[in-house]
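One structure is given below, represented as C-alpha cells, and several questions about it will come after.
The values are calculated or read from the model by the stated rules, or taken from the named source; none is laboratory data. Everything numeric here is computed off the predicted structure, so don't read it as measured data. Don't worry about glycine lacking a Cβ; one is built from the backbone with ideal geometry, like all the others, and counts go over all protein chains shown. Each accessible area value is taken on the protein alone, full model and side chains, heavy atoms only, with ligands, DNA and RNA left out. Shrake-Rupley method; radii C 1.70, N 1.55, O 1.52, S 1.80 Å.
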Amino acid sequence: MSLQEPELVDVVIVGSGPTGLMLACQLSLHGVKFRIFDKCINHTTQSRALGVHARSMEIFQQMGIADEAINHGEVVQGFGSYFNGVKRMRMDMNLIKTQNLTHFPFILILEQSKTEALLEEFLLKNARMEVDRQCELISFIELNDKDNLIECVIKDYRSNKEGKLIKIHTKFLCGCDGAHSKVRQNLQLSFSGNTYEETLYVLDCHLKFMDTTETESLLDDAQFNLTKSGLCLLFPLKGHNMDNRWRVIGTVPHELLNSSKQLQFEDIAPDFSRRIQRNIELYDPLWLSIYRTHHRYADRFYIEKKYFLLGDAAHIHSPVGGQGMNTGLQDAFNLAWKLAYTIQGKTVDKDKLLQTYNDERIEVAKNLVQSTDRVFSLMTSRHWFFSFFRLKILPYILQYIVFPIISCISSVREAVFKRISMIGIHYRQSQLSMNSNKNNVQAGDRLPYVYTHPEILLSSTDNNVEDDSRRYFHLLVLLTSKSNSKKCFHFVKFIEENYSHLIKLHEFEYSAATKEIFRVYDVNRNSNGGIFLVRPDLHIAYYSKTFDIQHFNTYFSEYFLQKSD
Ligand SMILES: Cc1cc2nc3c(=O)[nH]c(=O)nc-3n(C[C@H](O)[C@H](O)[C@H](O)COP(=O)(O)OP(=O)(O)OC[C@H]3O[C@@H](n4cnc5c(N)ncnc54)[C@H](O)[C@@H]3O)c2cc1C
C-alpha cells in the first residue's frame with residue numbers, strides 16, 4: 001500500500017453510470033479539469049434502463065450522438081394496453097409526429113449498456129479521457145486550507161487486488177454513485193421514502209406470439225398487460241423482428257415470492273401465458289434480474305457549497321414511464337455548465353448559480369417520485385378496491401374516455417407526450433428565470449422546438465473548442481417591422497460590448513422564412529418583437545419585449561460578470 005502526492009482537479013465524479021458519464025461528457029465540452037472514478041471493471045453489460053425520451057435525445061443531439069443512438073436502438077411505434085388479455089387501446093406514436101413538438105417524437109428503446117458505451121466513446125473522442133475503473137471512493141474529508149479543498153481517498157485495484165490508496169484533491173465532489181451512494185451516506189443526508197411491496201423481475205429473452213391474428217400489428221409496439229396475477233410490460237429490443245428479442249418487466253407472482261431459492265427463468269416462463277392471459281411463449285433467456293423498487297429522494301442535492309448528488313444517488317423511483325436514467329442524464333446536463341461557469345470565474349458569486357441546480361432539480365425529482373408513485377401504487381396495490389378498479393373499471397375508462405380524447409384532441413395528446421417525454425419539464429419558478437413581460441413562452445421553459453434551431457444553437461463552431469457554441473448563452477432577438485430599431489440597436493450593442501464572452505447573438509427579422517420561429521415563440525408580427533436568452537442547457541433564462549437594457553442587466557449581472565469586471 002502506498003500513498004502518492006495528491007493531484008488537484010476541479011471536479012471529482014464518483015460513478016460512471018449514465019449520470020456520471022453524462023456529467024463527464026458535459027464538463028469536457030466546457031473545458032473543465034476533472035477525474036471520473038468507478039469501482040467496477042467495466043460499464044454495465046446489463047440492458048437495465050431501456051427508454052430514452054425526447055428530452056434526453058435533444059441533449060444527445062447537442063452532443064452530436066443522437067443519430068448513432070437511433071441506429072443502435074429501436075423506435076417504439078405504438079403502445080398497446082391489454083387487460084385480462086383483451087386489447088383495450090393502442091396509442092399510435094405517428095399521431096405525435098405531426099405536432100412538431102420535438103425533433104424526436106418517439107421513445108427510443110436503447111439498452112443502458114449501449115447508452116453508456118455511446119457516452120464513453122464520446123468522452124474518449126471529445127476529451128481523450130477515460131473512466132478510472134476499479135477505483136473505489138473509500139472516504140473524503142475537507143481540508144482546512146485556504147481553497148477549501150476536499151481530499152478524496154480512492155482505492156485503486158488495477159495493479160493489485162489488495163488495492164493501492166490514492167489521494168486526490170478537488171474543489172467539487174459529485175456523487176453519481178447510484179442508489180447506495182457513499183457520497184450521500186458520508187454526508188449523512190436522509191434518503192426518505194419507501195420500498196414497494198411488490199418485487200419486479202427484469203428479463204431479456206425471446207418471445208413467440210402464438211396468436212397469429214394479432215402478431216402483425218404487435219411487432220413494433222410496447223405492450224402493457226394487467227391481469228389479476230399482476231403487471232407485465234413488453235418492449236421490443238433492437239432487431240426483434242429478426243430474432244424476437246424482447247424486454248419483459250413484471251411483478252413477481254406472489255406464490256413464487258416465498259421460495260427461499262433465487263428466482264430463475266424456469267420459474268417465470270412456464271406459467272407466463274396463463275398469468276398474462278395471452279398466448280405468448282418465452283424462450284432463450286439472455287439476462288434476468290430480480291429487484292425491489294423504492295421511491296426516495298435526498299433532502300438536498302447541493303451540500304455545503306462543494307458536494308452534489310445526481311441521478312440515482314439523489315432520487316430513485318419505480319420504473320413507471322422509464323424515467324430513472326433520463327432524470328440522471330438531465331441532472332448532469334443542468335449542473336455541468338453551472339459548475340463550469342463557477343470554476344472558470346464567470347459568475348459574480350461562487351454559490352448562487354450552483355444553488356439553482358439544487359432548487360431546479362429537486363423539484364423535478366419530487367414531482368417525478370410523487371407521480372410515478374401514484375401510478376405504480378395504483379397498478380400494483382394488493383388492496384381489493386384498487387384491484388377491482390384497475391381490472392373492472394380502468395379498462396373501460398381507457399377505452400371509452402381516455403383513448404378517444406387522446407386521439408381526437410391534439411392539446412391533450414400534446415400534454416401527455418410532454419409529460420412522458422420530459423420535454424414539458426420547466427424551471428419557471430427558478431430564481432434564474434426572469435420575464436419582463438407576459439408571454440406563452442416564458443423564462444424557465446425548455447427551448448421550444450423549431451426546425452431551424454439545430455444549426456443555429458446546437459453545434460460547435462468549426463471545431464474551435466474555445467468558441468464551441470455549446471458553452472454559451474444564446475440571445476434570440478426577434479424583430480418585426482414595428483420594433484424600435486434604435487432601442488434594439490443599443491440593446492444588441494450593449495450585449496456585444498459587455499457580454500460577448502458569454503452570449504452569442506442571433507437576430508431574426510420577420511419574413512416568410514422565419515415566421516415559424518415567431519409563431520412558436522408566440523411573438524406577433526404586429527408586436528414590437530421580443531428577446532429570449534437561452535441557457536447553455538437549452539432552457540430559456542430571460543424573456544422581454546421591451547429591449548430594456550437596465551432590466552436585463554439588473555437580472556444578468558446578479559449572476560454573471562461583465563467583460564470589464
Ligand atoms: C436490474 C435493474 C433494472 C432496471 N431497469 C430499469 C428500467 O427498465 N427503466 C429505468 O428507467 N430504470 C431502470 N433501472 C434503473 C436505472 O438503471 C438507473 O436509474 C440508472 O442506472 C441510474 O444511473 P446512475 O448513473 O445515476 O447510477 P448507476 O447506474 O447505479 O451508476 C452508479 C455507478 O457508481 C459506481 N459506484 C458506486 N459506488 C462507488 C464508489 N464508492 N466508488 C466508485 N464507484 C462507485 C457503480 O459501480 C456504478 O457504475 C434498473 C436498474 C436495475 C438495477
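Just to be sure before I move on: is S113 within 14 Å of the ligand (Cβ to nearest atom), part of a loop (DSSP other than H, G, I, E, B) and not aromatic (F, W, Y) in the structure I sent? Show your work before the answer.
Working: within 14 Å of the ligand (Cβ to nearest atom): yes; part of a loop (DSSP other than H, G, I, E, B): no; not aromatic (F, W, Y): yes.
No.
Of the residues L447, L475, which is under 28 Å from the mean Cα position of the chain (by Cα), outside the structural domain of A332 (by TED's automatic domain parsing), open to solvent by less than 10 Å² (accessible area, probe 1.4 Å) and modelled with pLDDT of 90 or more? Lay out the reasoning, then the answer.
Numbers: L447 fails: open to solvent by less than 10 Å² (accessible area, probe 1.4 Å).
After ruling out the rest, the residue left standing is L475.
Taking segment 209-229 on its own, how many of its residues are touching a strand residue (DSSP E or B) at 6+ places or on another chain (Cβ under 7 Å) and at pLDDT 90 or above?
The total comes to 5.
Being farther than 16 Å from G193 by Cβ, hydroxyl-bearing (S, T, Y) and in contact (Cβ under 8 Å) with a residue 60 or more places away in the chain is the filter here; which residues of segment 353-379 pass it?
Once the filter is applied, which keeps residues that are farther than 16 Å from G193 by Cβ, hydroxyl-bearing (S, T, Y) and in contact (Cβ under 8 Å) with a residue 60 or more places away in the chain, segment 353-379 yields only T356.
Would a scan of segment 268-275 turn up a residue that is over 22 Å from the mean Cα position of the chain (by Cα) and acidic (D, E)?
From segment 268-275, those over 22 Å from the mean Cα position of the chain (by Cα) are 268-275; that's our starting set.
If we keep only those that are acidic (D, E) as well, we get 271.
Within segment 268-275 (the criterion being over 22 Å from the mean Cα position of the chain (by Cα) and acidic (D, E)), the answer is yes, since at least one residue qualifies.
Follow-up. How many residues does segment 19-36 hold that are near the ligand (Cβ under 7 Å from one of its atoms) and of a type in the set (G, A, S)? Give the steps one after another, and end with the answer.
Of the residues in segment 19-36, the ones near the ligand (Cβ under 7 Å from one of its atoms) are 19-20.
Filter once more, keeping what is of a type in the set (G, A, S): 20.
The qualifying residues number 1.
Let me ask another. Please go through (1) touching a strand residue (DSSP E or B) at 6+ places or on another chain (Cβ under 9 Å); (2) within 21 Å of G328 (Cβ to Cβ) for H180 and return the number of the only condition it doesn't satisfy.
Unmet condition: (1).
Can you confirm whether segment 491-500 contains a residue that is within 31 Å of the chain's Cα centre (by Cα) and of a type in the set (S, T, N, Q)?
Initial filter on segment 491-500 (within 31 Å of the chain's Cα centre (by Cα)): 499-500.
If we keep only those that are of a type in the set (S, T, N, Q) too, we end up with 500.
Yes.
How many residues are assigned to a loop (DSSP other than H, G, I, E, B) and either open to solvent by less than 60 Å² (accessible area, probe 1.4 Å) or near the ligand (Cβ under 10 Å from one of its atoms) (or both) if we restrict to segment 37-76?
Narrowing segment 37-76 to residues assigned to a loop (DSSP other than H, G, I, E, B): 39-50, 53, 64-65, 73, 76.
Retained after the next criterion (residues that are either open to solvent by less than 60 Å² (accessible area, probe 1.4 Å) or near the ligand (Cβ under 10 Å from one of its atoms) (or both)): 39-44, 46-50, 53, 65, 73, 76.
Total satisfying the criteria: 15.
Does E130 count as part of a strand (DSSP E or B) and either of a type outside the set (A, V, I, L, M, F, W, C) or without any contact (Cβ under 8 Å) to a residue 40 or more places away in the chain (or both)? Before the answer, list the steps.
Details: part of a strand (DSSP E or B): no; either of a type outside the set (A, V, I, L, M, F, W, C) or without any contact (Cβ under 8 Å) to a residue 40 or more places away in the chain (or both): yes.
No, not satisfied.
From the list I303, I343, I290, pick out the single residue that is open to solvent by 10 Å² or more (accessible area, probe 1.4 Å), farther than 20 Å from I59 by Cβ, more than 9 Å from the ligand (Cβ to nearest atom) and among the β-branched types (V, I, T). Show your work before the answer.
Details: I303 fails: open to solvent by 10 Å² or more (accessible area, probe 1.4 Å); I290 fails: more than 9 Å from the ligand (Cβ to nearest atom).
Within the list I303, I343, I290, the selection yields I343.
Of the numbered conditions (1) modelled with pLDDT of 95 or more; (2) within 14 Å of the ligand (Cβ to nearest atom); (3) surrounded by 16 or more Cβ atoms within 10 Å (Cβ to Cβ); (4) more than 25 Å from the chain's Cα centre (by Cα), E120 satisfies every one except a single condition; which is it?
Unmet condition: (4).
Sticking with this one: Among the candidates L3, L8, L23, which residue alone is modelled with pLDDT of 90 or more and either assigned to a loop (DSSP other than H, G, I, E, B) or touching a Cys at 6+ places or on another chain (Cβ under 9 Å) (or both)?
Numbers: L3 fails: modelled with pLDDT of 90 or more; L8 fails: either assigned to a loop (DSSP other than H, G, I, E, B) or touching a Cys at 6+ places or on another chain (Cβ under 9 Å) (or both).
L23 is the lone residue from the list that is modelled with pLDDT of 90 or more and either assigned to a loop (DSSP other than H, G, I, E, B) or touching a Cys at 6+ places or on another chain (Cβ under 9 Å) (or both).
Among the residues of segment 306-323, write down those that are within 14 Å of the chain's Cα centre (by Cα), more than 7 Å from the ligand (Cβ to nearest atom) and either of a type in the set (S, T, N, Q) or open to solvent by less than 10 Å² (accessible area, probe 1.4 Å) (or both).
Matches in segment 306-323: A314, H315.
Among the residues of segment 520-528, are any touching a helix residue (DSSP H, G or I) at 6+ places or on another chain (Cβ under 8 Å), of a type outside the set (D, E, K, R) and assigned to a helix (DSSP H, G or I)?
For segment 520-528, residues touching a helix residue (DSSP H, G or I) at 6+ places or on another chain (Cβ under 8 Å), of a type outside the set (D, E, K, R) and assigned to a helix (DSSP H, G or I): absent.
Separate question: Would you check which residues across segment 242-287 are loosely packed, with under 12 Cβ neighbours inside 10 Å and small (G, A, S) and list them?
Hits for segment 242-287 are S259, S260.
Next question. Among the residues of segment 493-525, how many are small (G, A, S) and either crowded, with 19+ Cβ neighbours inside 10 Å or under 30 Å from V348 (Cα atoms) (or both)? Step through it out loud before you land on a result.
Going residue by residue through segment 493-525, those that are small (G, A, S) are 500, 511-513.
Narrowing further to those that are either crowded, with 19+ Cβ neighbours inside 10 Å or under 30 Å from V348 (Cα atoms) (or both): 500.
The qualifying residues number 1.
State all residues of segment 141-162 that are surrounded by 10 or more Cβ atoms within 10 Å (Cβ to Cβ) and more than 10 Å from the ligand (Cβ to nearest atom); if no residue qualifies, say none.
Within segment 141-162, the first condition is being surrounded by 10 or more Cβ atoms within 10 Å (Cβ to Cβ), and the residues that meet it are 141-143, 148-158.
I141, E142, L143, N148, L149, I150, E151, V153, D156, Y157, R158 - these are the residues of segment 141-162 that are surrounded by 10 or more Cβ atoms within 10 Å (Cβ to Cβ) and more than 10 Å from the ligand (Cβ to nearest atom).
Let me ask something else about it. Is there a residue in segment 72-84 that is touching a Gly at 6+ places or on another chain (Cβ under 6 Å) and not assigned by TED's automatic domain parsing to the domain that holds M325? Break it down stepwise before answering.
Looking only at segment 72-84, we keep the residues that are touching a Gly at 6+ places or on another chain (Cβ under 6 Å), and these are none.
No, because not a single residue in segment 72-84 is touching a Gly at 6+ places or on another chain (Cβ under 6 Å) and not assigned by TED's automatic domain parsing to the domain that holds M325.
Let me ask you something else. Scan segment 86-104 and give yes if some residue there is open to solvent by 20 Å² or more (accessible area, probe 1.4 Å), among the hydrophobic types (A, V, I, L, M, F, W, C) and within 15 Å of the ligand (Cβ to nearest atom), otherwise no.
Checked against the condition, which is being open to solvent by 20 Å² or more (accessible area, probe 1.4 Å), among the hydrophobic types (A, V, I, L, M, F, W, C) and within 15 Å of the ligand (Cβ to nearest atom), segment 86-104 yields no hits at all.
The rows are residues; the columns are (1) within 10 Å of the ligand (Cβ to nearest atom); (2) over 16 Å from V14 (Cβ atoms); (3) among the hydroxyl-bearing types (S, T, Y); (4) open to solvent by 10 Å² or more (accessible area, probe 1.4 Å).
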| residue | (1), (2), (3), (4) |
| --- | --- |
| C174 | no, no, no, no |
| H180 | yes, no, no, yes |
| S192 | no, yes, yes, yes |
| E197 | no, yes, no, yes |
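To keep it simple, each residue is scored yes or no on (1) outside any helix (DSSP H, G or I); (2) within 20 Å of the chain's Cα centre (by Cα); (3) within 30 Å of L149 (Cβ to Cβ).
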| site | (1), (2), (3) |
| --- | --- |
| Q330 | no, yes, yes |
| L335 | no, yes, yes |
| K338 | no, yes, yes |
| Y341 | no, no, yes |
| R390 | no, no, no |
| I397 | no, no, no |
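Now a separate question. Being in contact with a helix residue (DSSP H, G or I) (Cβ under 9 Å, 6 or more places away or on another chain) and more than 17 Å from E120 (Cα to Cα) narrows it down to one of M63, M91, M22, so name that one. Break it down stepwise before answering.
Working: M63 fails: more than 17 Å from E120 (Cα to Cα); M22 fails: more than 17 Å from E120 (Cα to Cα).
None of the other options fit; the residue is M91.
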